[in-house]
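**Student:** One structure follows; several queries about it will come next.
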Amino acid sequence: MQSSITLPKLGSQNGLMPSERVLKGRLGKSYVVTKADLIDSTLWESCFSHLCFDHRHFHTIEKTIPQDFDYRYLVLEDEETGVRAIQPVFLIRQDIMAGLPRPFHTLMRTIRRIFPNFLKLKTLMVGTTVGEGHLGAASDPDRAWLGEALHETVADYARECNASIVVLKDFHSKYREHLAPFSNNGYSRVPSMPGVKLDLNFDSFEDYMAQSLSKATRKGLRRKFKKAAAAGPIEVQVLTDISPLIDEVFPLYIAVFERAEFRFEKLTKEYLCEVGKQMPDRVRFFVWWRSGKIIAFSLCFVHDNLLYDGVIGLDYSVALDLHLYFITWRDTIQWAIENKVKCYYSGPLNYDSKRHFRCDLVPLDLYVFHTSPWINPIFRRAVKWLEPTRHDPNIRLFDNAHEL
């Protein structure tokens with residue numbers, strides 16, 4: 001096993017606040033810290049530098065996406081080797097009906113005119129508000145240890161915080177073995193809305209279409225591209241800092257956000273500006289221009305031969321006529337191929353198009369638990385009907401849908 005880093009800078013001797021709470025368990029201690037900056041930077045780097053969304057992303061989220069999130073960080077150590085992991089968590093009042101189709105949302109709005117917090121429960125979420133959940137440990141043995149250590153303490157901490165529910169949010173299926181202590185002991189593992197991926201073993205976008213897409217899909221895409229080109233040239237620009245253009249691109253993001261059926265975090269101008277400044281080696285903003293005006297943009301992260309396509313914004317006054325979604329897809333894939341990226345990855349939604357693009361699903365899991373020992377057996381059964389993938393028929397059409 002790799003040697004672990006000792007716990008520096010959590011005491012008041014360096015002018016930093018001590019941990020808010022110390023949770024003790026059979027496997028060691030968990031220090032509850034309320035600010036990311038109170039944890040030593042070398043420890044952050046050790047636990048997260050191998051990920052696309054590394055430690056800098058957690059600092060950026062905390063400072064720029066406050067909303068209703070109460071951010072906390074568990075620093076976990078064992079008695080023999082010291083600190084072995086950091087696990088971000090946060091508290092939120094969560095709408096447990098959010099994964100249901102729109103007709104249910106209409107019903108909930110009606111009920112909540114009288115009972116504003118009906119079925120909105122205080123929840124301790126393990127993971128991050130933006131992106132997927134990861135176990136914050138440097139090695140595979142440490143991740144296995146972390147899964148056990150978290151299971152030992154997280155429910156008790158949720159009760160201390162008066163949270164009714166514990167949710168491990170959007171953890172990649174590769175963590176299922178590490179998180180077996182949860183799924184085997186009181187928690188329900190249910191599928192979250194999956195990501196998608198596409199291996200980029202192609203020489204160009206044309207080569208990708210020829211090798212991977214059906215004749216009908218190729219024909220449809222070429223017709224869309226031809227129609228867009230006839231309306232005038234569209235140029236794409238790739239930046240690491242969107243700050244000079246933030247007032248133009250942010251309304252495009254809001255337009256897409258407000259149309260989304262499923263919403264969680266709402267990004268801010270501050271986040272979009274700061275993430276590029278803090279992570280210039282990984283952040284890429286794609287900006288599409290037409291006649292001197294921005295008509296689309298996307299935020300991507302590039303790391304270790306992977307491009308993570310995270311956020312898109314569209315000008316809906318022209319988006320449908322110009323087939324902007326397909327233009328942005330083409331240009332992003334072409335840029336990735338030209339820059340030797342080996343895998344395209346995208347977050348949830350737009351499954352119908354991505355299935356025709358020959359993407360594969362990337363299973364993401366929710367681990368859910370009610371802190372009441374009387375309610376949890378019933379809740380575990382009910383949550384199977386609340387999970388969001390049940391209500392999108394396009395997901396079941398993917399070749400690897402059984403992996404969910």
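**Student:** Between residue 291 and residue 397, what length in nm is gained on full extension when 0.36 nm per residue of separation is reduced by their alpha carbon distance? Write out the running numbers ahead of the final one.
**Tutor:** Working: separation 106, 0.36 × 106 = 38.16 nm, distance 3.93 nm.
That pair, residue 291 and residue 397, stretches by 34.2 nm at full extension.
**Student:** Let me ask something else. Among 340, 293, 24, which one moves the most in a GNM of the chain with springs linking Cα atoms closer than 10 Å?
**Tutor:** Looking only at 340, 293, 24, the biggest GNM fluctuation is shown by 293.
**Student:** For residue 199 and residue 342, compute 0.36 nm times the residue count separating them, minus their Cα-Cα distance, and round to one decimal in nm.
**Tutor:** Details: separation 143, 0.36 × 143 = 51.48 nm, distance 0.60 nm.
Gain on stretching residue 199 to residue 342: 50.9 nm.
**Student:** If you place +1 on the Cβ of every Lys and Arg, -1 on the Cβ of every Asp and Glu, and leave all else neutral, what size is the dipole of the chain about its Cα centre, to the nearest 20 Debye?
**Tutor:** Rounded to the nearest 20 debye, it is 1640 debye.
**Student:** Let me ask you something else. Given a cut-off of under 8 Å on Cα pairs at least six residues apart, what relative contact order in percent is computed for the stretch 24-93?
**Tutor:** In percent, rounded to a whole number, it is 37.
**Student:** Separation of the stretch 47-63 and the stretch 163-235 by C-alpha centroid, Å?
**Tutor:** 22
**Student:** Also, I was wondering about something else. What residues from the stretch 249-274 fall in the zone where the backbone N is under 19 Å from a label point 7 Å along the Cα-to-C-beta line of residue 243?
**Tutor:** Residues 249-251, 268-274 qualify, since their backbone N sits under 19 Å from the label point.
**Student:** Another question about this same structure. Report, to the nearest whole %, how much of the accessible area of the stretch 154-300 belongs to carbon and sulfur atoms, 1.4 Å probe, protein only.
**Tutor:** Result for the stretch 154-300: 46 percent of the exposed heavy-atom area is carbon or sulfur.
**Student:** Write down the Å³ per residue value for the convex hull defined by the alpha carbon atoms of the chain.
**Tutor:** Value for the chain: 156 Å³ per residue.
**Student:** Considering only protein heavy atoms, what per residue accessible area in square angstrom results for the stretch 246-404 with a 1.4 angstrom probe?
**Tutor:** Result: 46 Å² per residue.
**Student:** Tell me which of 375, 335, 401 sits at the most positive position along the dipole axis of the stretch 330-404, charges placed on C-beta atoms (Lys, Arg +1; Asp, Glu -1).
**Tutor:** The Cα lying farthest towards the positive end belongs to 375.
**Student:** What's the extension gain from residue 213 to residue 381 if we count 0.36 nm per residue and subtract their Cα-Cα distance?
**Tutor:** Length difference between fully extended and current span is 56.5 nm.
**Student:** How large is the Kirkwood hydrodynamic radius of the stretch 249-404, in angstrom, based on all distinct alpha carbon pairs? Don't skip to the end; give the middle numbers.
**Tutor:** On the way: mean 1/r = 0.0558 Å⁻¹.
17.9 Å is the Kirkwood radius here.
**Student:** Rounded to the nearest 500, what is the chain's calculated 222 nm mean residue ellipticity when only DSSP H runs of at least 4 contribute -39500 (n - 2.57) each, over all residues?
**Tutor:** Computed mean residue ellipticity for the chain: -10000 deg cm²/dmol.
**Student:** Work out, in µm²/s and without decimals, the Stokes-Einstein translational diffusion coefficient of the stretch 272-356 at 4 °C, 1.567 mPa s, Rh from Kirkwood over C-alpha pairs.
**Tutor:** It diffuses with D of about 95 µm²/s by this estimate.
**Student:** Excluding same-chain residues fewer than 8 positions from residue 340, which lysines have a Cα within less than 19 Å of its Cα?
**Tutor:** Here the lysines satisfying the reach criterion relative to residue 340 are 197.
**Student:** Apply the Karplus parameterisation 6.51 cos²θ - 1.76 cosθ + 1.60, with θ equal to phi minus 60°, to every residue of the stretch 77-83 and state each ³J(HN,Hα) to the nearest whole Hz, in sequence, with x for glycine and proline.
**Tutor:** 9, 10, 5, 7, 10, x, 5
**Student:** With the contact rule set at Cα under 8 Å and sequence spacing of 6 or more, what percent relative contact order holds for the stretch 272-404?
**Tutor:** After rounding, I find 16 percent.
**Student:** Sequence-distant or interchain residues sharing an amide H contact under 5 Å with residue 364, placed H: which?
**Tutor:** 192, 195
The values are calculated or read from the model by the stated rules, or taken from the named source; none is laboratory data. On a predicted model such as this, the values are computed, not experimentally measured, just so you know. Cβ coordinates were reconstructed from backbone atoms using ideal geometry, including for glycine residues, and neighbour counts include every protein chain displayed. Quick note on the areas: whole protein, heavy atoms, side chains included, nothing else; ligands and nucleic acids left out. Shrake-Rupley method; radii C 1.70, N 1.55, O 1.52, S 1.80 Å.
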